[in-house]
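Q: Sharing a structure with you now.
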Number of protein chains: 2
Amino acid sequence: MKQVITISREFGSGGRSIGREVAERLGWAFYDRALVERLAKESGYSEEFIEKRGEDATTTSSFLFNLARSGATSGYGASSGSIDGSPALSDKLFVMQYNLIRALPDEGPCVIVGRCSDYILRDRLDALHTFIFADAAFRADRIIRLYGERDDAPAKRLEEKDKKRKVFYKNYTGRSWGRSQNYDLCLNSGKLGIEECADIIVRLAQK
Amino acid sequence: MKQVITISREFGSGGRSIGREVAERLGWAFYDRALVERLAKESGYSEEFIEKRGEDATTTSSFLFNLARSGATSGYGASSGSIDGSPALSDKLFVMQYNLIRALPDEGPCVIVGRCSDYILRDRLDALHTFIFADAAFRADRIIRLYGERDDAPAKRLEEKDKKRKVFYKNYTGRSWGRSQNYDLCLNSGKLGIEECADIIVRLAQK
């Protein structure tokens, strides 16, 4: 039996929906929006700030990468060298997020979406790390249905969002986002279907 | 119901064993060694030559990439510019292999291991494309048990073999080998276990 499932996902792939369904079916806690709310409460930062900086920030700072690798993230203080200080704020947020994510599975079994949780929990033997992706047409169709039309073309929205996640992930983990070897299983939700992906993950979580 | 399953795999990950088991359980044809034998019979090349050049060749020629992309692989003749002619031979072999792999699923349902089969059959809607990988320790242990000790350290053997496959794949498909988005599902056999991987693939093949 697993204790924690991490869901990394391409924008529009349905990874969040799969995570929610898996959590519901297993009766586990689900940390997506709930992680932001909790972090806001514990940190004093606004939810908006955390939403904006907690996963998609394209900061060029990478001092935390080595901190995170060594596990020495309980203290920090180094400046990332930014003049306006915002990367340093992002780093500070990342440390809080890092420590919270490390602690969550010990509170009870849970599903965590994004936020480098696969990397943060990489050493837990009771974790199942998943990556959900799909082709651009499937994802474009999905984001229009879920989030509506915008001025930007869907293809551009997908590209920008994925690029931000990729940079954020690389920056804080030193790894390549979406590289299959980072995960235990990678599923093409467009080809296999949302339900089937949830089925596979639920089965594996129960082993 | 699927008609063809392709298995791409890291050296030592057990992908071949998974493929064999999946084929047995489904009662499908299994093309690994059988592909080499058939190609030898139809081409006149020796099995040794095909083994050596059919998947691991580190030729720098890439003229076939565009041919393969356009699907215009029924004829060939361009030289790849090599002085000793061996890359041209590899390319010729690749075209034969390409055409054989394209035709195999129409003979009956089958499982095909490696040889860019995921790429070659990428447009078939009744195909399931899988990538099997595992961490280095799992694979090192496995190759020693399967193929015995050699002078080279297991880590070096893994690295060399994977590098060759990577170069070969890139050369003939233009894609990055092991990038999750090339496949329908990617499974960590070291973490999930050989049996579990076979179970998941068999279930998906029957959908």
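Q: Please give the number of the condition B:Glu160 fails out of (1) part of a loop (DSSP other than H, G, I, E, B); (2) away from chain A (no Cβ under 12 Å); (3) surrounded by fewer than 22 Cβ atoms within 10 Å (Cβ to Cβ).
A: Failing condition for B:Glu160: (1).
Q: Here's a check for you: in segment B:171-184, which residue that is within 14 Å of B:Ser8 (Cα to Cα) and part of a loop (DSSP other than H, G, I, E, B) is farthest from the other protein chains (Cβ to nearest Cβ)?
A: Initial filter on segment B:171-184 (within 14 Å of B:Ser8 (Cα to Cα)): B:173, B:175-184.
Next, only the ones that are part of a loop (DSSP other than H, G, I, E, B) stay: B:175-178, B:183-184.
Numbers: B:Arg175: 13, B:Ser176: 9, B:Trp177: 10, B:Gly178: 6, B:Tyr183: 7, B:Asp184: 5 Å.
If we take residues in segment B:171-184 being within 14 Å of B:Ser8 (Cα to Cα) and part of a loop (DSSP other than H, G, I, E, B), then B:Arg175 is farthest from the other protein chains (Cβ to nearest Cβ).
Q: Mind listing just one residue for me: the one in segment A:129-149 that is charged (D, E, K, R) and in a loop (DSSP other than H, G, I, E, B) and, of those, farthest from the chain's Cα centre (by Cα)?
A: Our first condition is that a residue be charged (D, E, K, R); within segment A:129-149, this holds for A:135, A:139, A:141-142, A:145, A:149.
Those still in the list that are in a loop (DSSP other than H, G, I, E, B) too: A:135, A:149.
Details: A:Asp135: 19, A:Glu149: 24 Å.
Among them, the one singled out is A:Glu149.
Q: With the checklist (1) in contact (Cβ under 8 Å) with a residue 12 or more places away in the chain; (2) more than 14 Å from chain B (Cβ to nearest Cβ); (3) not in a helix (DSSP H, G or I) in hand, flag the one item A:Lys207 doesn't pass.
A: Unmet condition: (2).
Q: Would it be correct to say that B:Phe168 is in contact with a helix residue (DSSP H, G or I) (Cβ under 6 Å, 6 or more places away or on another chain) and not in a loop (DSSP other than H, G, I, E, B)? Walk me through how you get there before you give the answer.
A: On the way: in contact with a helix residue (DSSP H, G or I) (Cβ under 6 Å, 6 or more places away or on another chain): no; not in a loop (DSSP other than H, G, I, E, B): yes.
No: the conditions fail for B:Phe168.
Q: Does A:Gly27 satisfy the condition of being modelled with pLDDT under 90, surrounded by fewer than 19 Cβ atoms within 10 Å (Cβ to Cβ) and out of contact with any strand residue (DSSP E or B) (no Cβ under 9 Å at 6 or more places or on another chain)? Break it down into steps so the answer makes sense when it comes.
A: Numbers: modelled with pLDDT under 90: no; surrounded by fewer than 19 Cβ atoms within 10 Å (Cβ to Cβ): yes; out of contact with any strand residue (DSSP E or B) (no Cβ under 9 Å at 6 or more places or on another chain): yes.
In short, no.
Q: Still on this structure, I have one more. Those residues that are surrounded by fewer than 22 Cβ atoms within 10 Å (Cβ to Cβ), under 22 Å from A:Gln3 (Cα atoms) and at the interface with another protein chain (Cβ under 9 Å from one of its Cβ atoms), I need them from segment A:185-199; list them, please.
A: Passing the criteria: A:Glu196, A:Asp199.
Q: If you go through segment B:105-121 one residue at a time, do you hit one that is among the basic types (Lys, Arg), assigned to a loop (DSSP other than H, G, I, E, B) and away from chain A (no Cβ under 14 Å)? Explain how you work it out, then say what you get.
A: Of the residues in segment B:105-121, the ones among the basic types (Lys, Arg) are B:115.
Applying the additional criterion that residues be assigned to a loop (DSSP other than H, G, I, E, B) yields B:115.
Still in the list and also away from chain A (no Cβ under 14 Å): B:115.
Scanning segment B:105-121 turns up at least one residue that is among the basic types (Lys, Arg), assigned to a loop (DSSP other than H, G, I, E, B) and away from chain A (no Cβ under 14 Å).
Q: Here are the criteria: (1) acidic (Asp, Glu); (2) closer than 29 Å to A:Phe94 by Cβ; (3) out of contact with any strand residue (DSSP E or B) (no Cβ under 7 Å at 6 or more places or on another chain); (4) in a helix (DSSP H, G or I). Tell me which single one A:Asp152 does not satisfy.
A: Only one criterion is unmet by A:Asp152, namely (4).
Q: A:Ile7: within 26 Å of A:Gly174 (Cα to Cα), surrounded by 17 or more Cβ atoms within 10 Å (Cβ to Cβ) and at pLDDT below 90, yes or no?
A: Working: within 26 Å of A:Gly174 (Cα to Cα): yes; surrounded by 17 or more Cβ atoms within 10 Å (Cβ to Cβ): yes; at pLDDT below 90: no.
No; evaluated as a whole, the condition is false for this residue.
Q: Sticking with this one: Among the residues of segment B:87-123, write down those that are at positive phi and either surrounded by fewer than 23 Cβ atoms within 10 Å (Cβ to Cβ) or basic (Lys, Arg) (or both). Give the derivation first.
A: Within segment B:87-123, the first condition is being at positive phi, and the residues that meet it are B:108, B:114-116.
If the condition is that a residue be at positive phi and either surrounded by fewer than 23 Cβ atoms within 10 Å (Cβ to Cβ) or basic (Lys, Arg) (or both), then B:Gly108, B:Gly114, B:Arg115 are the ones that fit.
Q: Restricting to segment B:161-207, count the residues that are of a type in the set (Asp, Glu) and under 16 Å from the mean Cα position of the chain (by Cα).
A: Just the residues of segment B:161-207 that are of a type in the set (Asp, Glu), to begin with: B:162, B:184, B:195-196, B:199.
Now narrow it down to the ones that are under 16 Å from the mean Cα position of the chain (by Cα): B:162, B:184.
So the count comes out to 2.
Q: Could you tell me which of the residues B:Phe138, B:Phe168, B:Phe131 is within 14 Å of chain A (Cβ to nearest Cβ) and crowded, with 20+ Cβ neighbours inside 10 Å?
A: B:Phe131
Q: Taking the residues in segment B:100-158 that are of a type in the set (Gly, Ala, Ser) and without any contact (Cβ under 8 Å) to a residue 60 or more places away in the chain as candidates, determine which candidate is farthest from B:Ala205 (Cα to Cα). Even if it seems obvious, please write down each step before you answer.
A: Let us first name the residues in segment B:100-158 that are of a type in the set (Gly, Ala, Ser), namely B:103, B:108, B:114, B:117, B:127, B:134, B:136-137, B:140, B:148, B:153, B:155.
Applying the additional criterion that residues be without any contact (Cβ under 8 Å) to a residue 60 or more places away in the chain yields B:103, B:136-137, B:148, B:153, B:155.
Numbers: B:Ala103: 19, B:Ala136: 28, B:Ala137: 30, B:Gly148: 33, B:Ala153: 37, B:Ala155: 34 Å.
Restricting to residues being of a type in the set (Gly, Ala, Ser) and without any contact (Cβ under 8 Å) to a residue 60 or more places away in the chain, the top hit is B:Ala153.
The values are calculated or read from the model by the stated rules, or taken from the named source; none is laboratory data. Quick caveat, the model's predicted, so the values are computed rather than measured. Don't worry about glycine lacking a Cβ; one is built from the backbone with ideal geometry, like all the others, and counts go over all protein chains shown.
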